[in-house]
1. Report, largest value first, the span of the C-alpha coordinates of region 127-237 along each principal axis, in whole Å.
2. Label points 7 Å out from Cα along the Cβ direction at E161 and D364: separation in nm?
3. Largest first, please: the extent of the C-alpha atoms of region 57-180 along each principal axis, to the nearest Å.
4. Helix-only mean residue ellipticity at 222 nm, the chain, DSSP H runs n ≥ 4 weighted -39,500 (n - 2.57), per residue, nearest 500. What is it?
5. Between their Cα atoms, which of K132/K235; K55/K105; K164/K437; K55/K342; K200/K235 are more than 18 Å away from each other?
6. What is the calculated FRET efficiency for E331 to K26, with r their C-beta to C-beta distance and R₀ = 60 Å, to the nearest 0.05?
7. In whole percent, what relative contact order does the chain give with Cα contacts below 8 Å and a gap of six or more residues?
8. Assuming R0 = 56 Å, what is the FRET efficiency of A417 and S257, from their Cβ-Cβ distance, to the nearest 0.05?
Amino acid sequence: MVFMAGGVADAVKTDDSLYDELYDVKTEALETGNYIEVDPYPLMKAAQERGAVQKGFLREVLGLPFWHRHRAVVEGGGERLQGYCVLTFAKAEEAFRDNARLSNKIYKMTPGDEKFLGILEMDNPEHFAHRKAAQSLFIKPRAVGLWRDRWINGIVEAIVEKLKSQDRAELNMDLCARVPVHTISVAVGLRGEEALIFRKALISTLSSRGGPESQMAAAATVARMVTEQIELRRKSPGEDIISWLLAAEVDIPGEGSRHLTDGEIITFCRLLLLAGGGTTWRQMGILLFALLDQRDRWEAVRADRKLLEPAIQESMRWNPNNPMFSRLAVEDTEIGGVAIPKGSVVDICLASANRDPSRWDNPDEFDLFRKMQPHIGFGMGAHMCMGRNVAESEMFVALDALMNEFPNMRIDPDQPAPFLTGGLEQRGISSMHVLLK
Ligand code: HEM
């Protein structure tokens, strides 16, 4: 395979106004309709003390205004489906692992969205076969080899090089937003300058703001951009995700082995950018916030880089940027002694599971030195995040480079102080103004 250089330096060139439009956590939540004013953690703690599994959607149990990621929850048959929520680590793990009864079909319950999120909305055996076809691109040796060498290192270097000429920066926009969107776009084979156009089109396909016509136009833009790459890579394969997927085979029991269709490749690329773009942007901001808000943590990690990996994992435990995910009960079941009838929605609260006091001492504290044990910030079971190694690599390379170049970096006292904000379903930082030198 011939590697086609991917224009990583474009990570610092693209139109800033599009960044402003696409990368503000509060605006994103307001536009999605799920913004909450309050810190949800005290509410989760109180709810967890009342019971590991409870009847009611998570927002209802926490006393927050009703909103659900999945429109079909309220629009399905004209009336709201029944909801349950899971709040402790052990029960969240149990729910995530029971994919036979608690299904990812929840993701395709919005009419018209069939096959929109690829493997995320599949159950077995289809899910296993499709995930297997792509999985080896995301294993740790590739995330720290191929992904870092080909894409992440160059993108981070270009960003840091630009920052070197500045005294101040707003790292939410200047770094956190840029690294993931450029990594995935360039890995897919797009040119760096196309990354934001791709993300904007992708987000418009999910937003009902511009009406169905604008959604269809955006979907067509996404499909066209990926199709162009498919045609190019079919003629001349490179080391990129599309060339990989063109060569991959999917083997569904009873159907035999076959290559992925162009439609399946488009859907997978769309999922990668959706699943990997927003999450890593917000999580990198949360990590920076944790380290700079109490600067002795920054100093500790800077002095001993072996602490960087634990810092990344602790940020995911302490404040996972997606605090909840849901499942659909496709059979009558039971979790923690609570009967859950077929057809109900189960909200699994990763955020409260990650602060379960039976698993972690002082769970509300961000503690660099705590005994590390698996958290649930990347999910669990069959659908556990496929891109986690890539996300960890992006955060590692970015933070490592910042610590090397800007050892004195600190929060800018003359700018608005950063804080955590967003919805219950996705959280991140308000901004991250820093003095670099
Ligand atoms: C800090 C960043 C990230 C977080 C917190 C995160 C979290 C998650 C979680 C919780 C799930 C499971 C959802 C469910 O069970 O319903 C998931 C699935 C997934 N993620 Fe990530 N993710 C991150 C970054 C990424 C990146 C960078 C990529 C791609 C390069 C990616 C690709 C995927 C894919 C493809 C799935 C679907 C897996 C499946 O259904 O089998 N994620 N992610």
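1. If we take the Cα atoms of region 127-237, the spans are 45, 37, 29 Å.
2. 4.6 nm
3. Dimensions of region 57-180 along the principal axes of its Cα atoms: 57, 38, 35 Å.
4. Numbers: 17 runs with 194 residues, N = 437.
It comes out at -13500 deg cm²/dmol, rounded to the nearest 500.
5. K132/K235; K55/K105; K200/K235
6. 0.95
7. 27 percent
8. Computed FRET efficiency for A417 and S257: 0.50.
The values are calculated or read from the model by the stated rules, or taken from the named source; none is laboratory data. Since the structure is predicted, the reported quantities are computational estimates derived from the model, not experimental observations. Note that each Cβ is placed from the backbone with ideal geometry, even for glycine, and that neighbours are counted across all protein chains shown. Note: areas computed on protein heavy atoms with side chains; ligands, DNA, RNA excluded. Shrake-Rupley method; radii C 1.70, N 1.55, O 1.52, S 1.80 Å.
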